[in-house]
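What follows draws every value from the coordinates through simple rules; no lab data is involved. In this text the structure is predicted, and so the values were computed from the model without any measurement. Positions of Cβ are generated from backbone atoms using ideal geometry, with glycine treated the same way; all protein chains shown enter the neighbour counts.
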Amino acid sequence: MLVFKHGDKECNFDSDSVILHDVVKALGLDNKKVIAAKFNDDAMDLSRVISEGGNVEAISVDSPEGLEILRHSTAHLMAQAVLRLYPGTHFGVGPSIKDGFYYDIDVAGTITEADLPKIEAEMRKISGAGEKVTREDLAKDEALKFFADDPYKTELITEIDAPTVSVYKQGEYADLCRGPHVPDASKIHNFKLLSIAGAYWRGDEKNKMLTRIYGTAFATPDELKEYVKRIEEAKLRDHRKIGKDLDLFSLHEEGPGFPFFHPKGMAIMNTLIDFWRREHVKRGYTEIKTPQILDRSLWIRSGHWDHYRDNMYFTEIDEKPYAIKPMNCPGSILVYKTQLRSYRDLPMRLAELGLVHRHERSGVLHGLMRVRCFTQDDSHTYITPEQIKEEVTAIMELDKYVYTEVFGFKYSVELSTRPEDSMGTDEQWEAAESALRDALESTNTPYTINPGDGAFYGPKIDFHLEDCIGRTWQCGTIQLDFQMPGRFDVTYIGEDGAEHTPVMIHRVVFGSIERFMGILIEHYAGAFPYWLAPVQIKIVPINAASHMDYAKELQAKFMNLGLRSEIDTRDEKLGRKIRDAQLQKVPYMLVVGDKEKEAHTVGVRERSKGDLGSMSLEEFKDLLSKEFNPIH
RNA sequence: GCCGGUGUGGCUCAGGGGUAGAGCAGCGCACUCGUAAUGCGCAGGCCAACAGUUCAAAUCUGUUCACCGGCUCCA
C-alpha cells in the first residue's frame with residue numbers, strides 16, 4: 001500500500017504504483033490550473049508513475065514554478081510548430097527565462113520576424129488539438145542513437161553525467177529534456193512570439209550562430225496583455241527617443257559611439273557634475289585633471305598594454321607612439337608621485353572627471369548606455385593597508401546616499417573575484433578579496449559573488465542599479481589594487497620613517513556620466529525632477545505681443561537666480577503653448593497675461609498637479625525652495 | 001566582430017523600374033486668444049554611400065557605412 005500526504009491530508013492506494021495525477025486528485029488538490037506536481041520536493045509530470053509513498057504538492061500554473069514549466073513547455077510547443085513548418089530543423093537549447101523563453105534553432109534558410117505569426121498560428125493549431133506530451137527514459141546509448149542525426153543533442157547527451165536521460169515527445173517532435181512539462185499542449189493558451197535574433201551555440205562566439213526565437217507565456221490572457229503593454233511602455237521610455245524629443249543629445253554617422261551633447265543635455269550633465277563636486281568636497285576629496293593622450297611606455301608599465309590593448313586607441317606624436325587613455329589611473333599616479341608623501345597625507349583621495357576612450361565592437365553600441373568615449377566620475381584613493389575597511393565603507397555609504405536618497409534607485413551589490421587574465425600573486429588577491437568581503441560583511445550588505453569578473457589588477461565591488469524595465473546596469477564600482485602602486489614605485493613614508501607601498505582604490509559612483517544620464521532619462525521617462533530638469537520654468541505669455549516685456553522681466557530675474565527658464569515666444573494659442581511645455585516635461589509653467597502683468601504675479605502650473613493659481617514671485621520662489629534639491 | 005532586420009525632407013512614416021508623397025515641425029499671412037494641438041499658404045529631399053544591371057534605379061543586384069533586435073563583450 002502506498003501512502004501520500006499533503007500537509008495534514010492523506011490518501012492511500014492499494015497497489016504497487018500509481019499515477020501522480022491520481023494522487024493529486026485523491027488529495028483534493030486538482031483543478032484546471034494544476035500542470036505538474038511535486039513528489040518529495042521534486043517537480044514531476046502529472047503522468048509520472050510513482051511506486052513509493054511520500055509528500056505531494058500540486059504545481060499551479062500561476063505559481064512561479066508553474067509559470068516556468070508553462071514557458072518551458074511553450075518553447076517545446078514552438079519547436080514542434082517550427083519542425084512542422086521547417087522540416088529538418090535541428091534544435092539547440094530552449095529554456096524558460098525571466099519574462100519568457102527562447103529556443104535556439106538551426107534551420108535551413110532563414111526565419112525572419114515576419115514568419116513569427118505563421119509559427120504562432122501553427123502553435124495554436126497544435127494546442128487546439130491538445131497534443132499529448134509524454135516522457136520516456138532512455139539509456140544514454142539509446143538516446144545517442146535516437147538523436148543520431150542531431151549534432152546539438154548528441155553533444156548535450158555526451159556531457160550528461162547520468163546513466164539515463166529523459167526524452168519528451170509530442171507528436172512528431174521529440175526533445176532531450178529534464179522536464180517537467182504540462183500534460184498536453186491544450187494547457188498552453190496565452191503565449192506570444194516576440195523577436196528573433198542570432199545566438200552562438202552554447203554562448204561561445206567560436207561556435208556556429210543559431211537562430212534564437214524569443215517568446216513568452218502567461219497563466220492568464222490579462223497577464224500577457226499586461227506584459228505586452230509593459231514592453232510598449234518601456235519603448236516610450238527609451239532614452240534614445242526621449243533624448244531626441246527633448247533635444248538632449250545626438251549621435252552621428254561621423255562618430256559612431258561618440259555622443260554629441262546639446263545645450264539641454266549639458267544642462268543635465270553639468271547639474272549632475274555640480275552635485276557630484278559638492279558631495280565629494282564634503283567627503284574629503286580633491287580633484288585633478290590628467291591628459292587624454294600619454295606616452296605608450298606608461299601603458300606598458302601599467303599593464304594596460306598586456307591586458308587591455310585590444311580596447312585601446314593609439315596614435316603617434318613626432319613619430320613616437322602614444323595611447324589615448326582608456327582609464328585614469330596611470331595619470332593619477334603621476335600626480336601622486338610629484339611629491340614625497342607622508343602617512344599623514346593618507347587617505348589621499350584624488351578625484352577626476354576623466355574622459356576615457358575604449359574601443360567597443362560595432363555591434364554593442366547602444367545610445368548613451370554603451371559608447372566609445374565616456375566620462376568616468378573617477379577617484380584614485382591612496383591608503384595604508386589598515387585603512388582599507390574604513391575607506392571602502394565610506395565609499396559604500398556615498399553610493400547608498402546617491403543611489404537611493406537622491407535618485408530613488410534600488411540596487412544590488414556584487415563581489416567580483418580574480419579573472420583569468422590578471423596580474424599579481426595569489427596571496428595579494430586573497431588579501432584584497434577578503435578585505436572587500438570584510439567591508440561588505442561588517443556593514444551587513446547583502447551581496448552575490450561574480451567569480452572571475454574582477455579587473456586585471458584587483459577584485460571589485462560592483463553596484464547594479466535597476467531601471468524602470470527591470471534591467472540592471474552596473475554603475476558604481478570599488479576596486480582594490482595592490483598592483484599599480486608597486487609597478488609605479490608609489491610610496492609613502494610611514495610613522496617608522498621607512499618607505500611603504502600604499503594600497504590604491506579605484507572607484508566610480510555614476511560609472512559613466514553619459515550612461516548614468518541614459519539611465520536617468522529612462523528612470524524618469526524624461527520628466528526630470530526640478531533640480532535636474534534642463535528647463536525648470538517655461539514662461540508662457542498669453543499674448544506674444546503685449547505680455548512679452550513682462551515675460552522677459554521675469555526671465556531676467558530667474559537668470560539672476562541661476563534658474564533655467566525659457567519663454568515661449570510663438571504667436572500661438574495658450575492651450576498650444578501649455579501642451580508643448582507639458583510634452584517637453586517642464587516642471588513649472590508660468591502663465592502671464594493682463595492679470596499677472598498688472599498685479600505683478602505669475603500663474604503657476606505644475607506639470608503633474610496642473611494649475612496652481614496666481615501668486616506673487618516671492619510665493620513662487622518659496623514654492624521652488626521646497627523642491628528636493630541636493631545642491632542647495 | 002557575428003546572426004537577422006532597417007536606412008525616403010528636422011521628426012514620424014507611405015510609396016516602390018518611368019524620374020518623390022503625407023502628417024507634424026519650420027517660414028509667411030490672418031486670428032489676439034486664460035491652462036494639452038486656430039486656419040490658410042509657402043518652402044524643404046541628388047530616397048545612407050559607392051559600384052553594377054537596364055533605354056530608364058529611390059525601387060533590382062553587389063559592396064561599404066550607420067542604426068535597430070539579439071549573441072559575445074562591457075562602464
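Structure values in brief
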{"quantity": "Additional length obtainable on full extension of the chain from A:PHE628 to A:ILE449, 0.36 nm per residue less Cα span", "calculated": "60.9 nm"}
{"quantity": "Region A:400-535 - charge dipole about Cα centre, Lys and Arg +1 at Cβ, Asp and Glu -1, debye rounded to 20", "calculated": "660 debye"}
{"quantity": "Which listed pairs, of A:LYS289/A:LYS325; A:LYS132/A:LYS169; A:LYS118/A:LYS208; A:LYS5/A:LYS169, have C-alpha distances above 19 Å, in listed order", "calculated": "A:LYS118/A:LYS208; A:LYS5/A:LYS169"}
{"quantity": "Segments A:437-447, A:114-124 sorted - mean Cβ within 10 Å per residue, highest first", "calculated": "A:114-124, A:437-447"}
{"quantity": "Test item: Cα-centred dipole of chain A, Lys/Arg +1 and Asp/Glu -1 on Cβ, debye", "calculated": "2160 debye"}
{"quantity": "Charge dipole (chain A, unit charges on Cβ, about Cα centre) - positive-most of A:PRO534, A:TYR336, A:ALA323", "calculated": "A:PRO534"}
{"quantity": "Positive minus negative residues near A:LEU334 (Lys, Arg vs Asp, Glu; Cβ under 14 Å)", "calculated": "+3"}
{"quantity": "Förster-model FRET efficiency, 51 Å R0, A:ILE293 and A:GLU142, C-beta, rounded to 0.05", "calculated": "0.20"}
{"quantity": "Simple spin-label estimate for A:ARG579 and A:ASP549 in nanometres, 7 Å along Cα-Cβ", "calculated": "3.2 nm"}
{"quantity": "Segment A:TYR401-A:GLU205, length gained on full extension (0.36 nm per residue, minus Cα span)", "calculated": "66.6 nm"}
{"quantity": "Cα-projected label distance for A:PHE258 with A:PHE314, points at 7 Å along beta-carbon direction, nm", "calculated": "2.0 nm"}
{"quantity": "Cα gyration tensor category, rounded, prolate or oblate, for chain A with a/c compared to 1.5", "calculated": "oblate"}
{"quantity": "Cβ-based charge dipole, chain A, positive-most Cα from A:GLY215, A:LEU368, A:LEU67", "calculated": "A:LEU368"}
{"quantity": "Euclidean distance of C-alpha centroids, region A:1-71 and region A:382-400, integer Å", "calculated": "53 Å"}
{"quantity": "Neighbourhood charge, 15 Å Cβ-Cβ cut-off, centred on A:LYS626 and excluding it, Lys, Arg +1 and Asp, Glu -1", "calculated": "-3"}
{"quantity": "Straight-distance crosslink candidates among aspartates and glutamates, where the alpha carbon sits under 13 Å from A:LYS400 and sequence neighbours closer than 8 are dropped", "calculated": "A:GLU279, A:ASP462"}
{"quantity": "Alpha-carbon centroid distance for the pair region A:322-369 / region A:525-584, whole angstrom", "calculated": "40 Å"}
{"quantity": "Cross-link reach list, aspartates and glutamates versus A:LYS282, counting only Cα pairs under 15 Å and skipping chain neighbours closer than eight places", "calculated": "A:ASP274, A:GLU391, A:GLU397, A:ASP399"}
{"quantity": "Helix axis angle, A:548-560 relative to chain A longest principal axis, alpha carbon, degrees", "calculated": "90 degrees"}
{"quantity": "Region A:121-186 versus region A:503-521: alpha-carbon centroid distance in Å", "calculated": "46 Å"}
{"quantity": "Shape category assigned to region A:226-310 from the gyration tensor of Cα positions, a/c cut at 1.5", "calculated": "prolate"}
{"quantity": "Label-point separation in nm, A:LYS609 to A:ARG570, each point 7 Å along Cα→Cβ", "calculated": "2.7 nm"}
{"quantity": "Dipole axis of chain A (+1 Lys, Arg; -1 Asp, Glu on Cβ), positive-most option in A:ILE567, A:GLY494, A:TYR173", "calculated": "A:ILE567"}
{"quantity": "For chain A, calculated [θ]222 nm from helices alone, where every DSSP H run of n ≥ 4 adds -39500 (n - 2.57)", "calculated": "-10000 deg cm²/dmol"}
{"quantity": "Check: region A:516-569 dipole with +1 on Lys, Arg Cβ and -1 on Asp, Glu Cβ, in debye", "calculated": "100 debye"}
{"quantity": "Contour minus Cα-Cα distance for A:GLU390 and A:ARG344 (0.36 nm per residue)", "calculated": "15.0 nm"}
